[in-house]
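Undergrad: The structure that follows is given in the form of structure tokens.
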Amino acid sequence: MGIVKIEDRLHEDIRKASTVMCRSINAQAEFWIKVGMLAETNPTQTFNEIIARQLKNAELELSNIAAA
């Protein structure tokens, strides 16, 4: 594990998003970093396509869950 220096405003945005997404600040930052890396290496895919592929890779099927 290492230390990543980010500007205060970005840290505050991560903190706010982590509260909404029920993640720790570190988990939220890690999620955004991972999605950003996947987006850069797969520029033709949308966010939803990237997430759907990751869920499929994890063998998670959400089709049986009803939307609220």
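The values are calculated or read from the model by the stated rules, or taken from the named source; none is laboratory data. No experiment lies behind these values; they were computed from the predicted model shown. Using ideal geometry, Cβ is built from the backbone for each residue, glycine included, and neighbour counts are taken over all protein chains shown. Accessible surface areas use protein heavy atoms only, side chains included; no ligands, DNA or RNA. Shrake-Rupley method; radii C 1.70, N 1.55, O 1.52, S 1.80 Å.
Undergrad: Can you list the helices (runs of 4 or more DSSP H) found entirely within the chain that contain at least 1 residues being surrounded by 11 or more Cβ atoms within 10 Å (Cβ to Cβ), at pLDDT 90 or above and touching a Phe, Trp or Tyr at 6+ places or on another chain (Cβ under 9 Å)? Don't jump to the end; show me each part of the working.
TA: Working: elements: 8-20, 25-41, 47-57.
Fully inside the chain and qualifying: 8-20, 25-41.
Undergrad: Next up: Cβ contacts < 8 Å: first residue farther than 19 Å from residue 2 by Cβ, restricted to the stretch 12-31; second residue of a type in the set (S, T, N, Q) and open to solvent by 40 Å² or more (accessible area, probe 1.4 Å), any location; separation 6+ or different chain. Result?
TA: Listed by first residue and then by second, the contacts come to 18/24.
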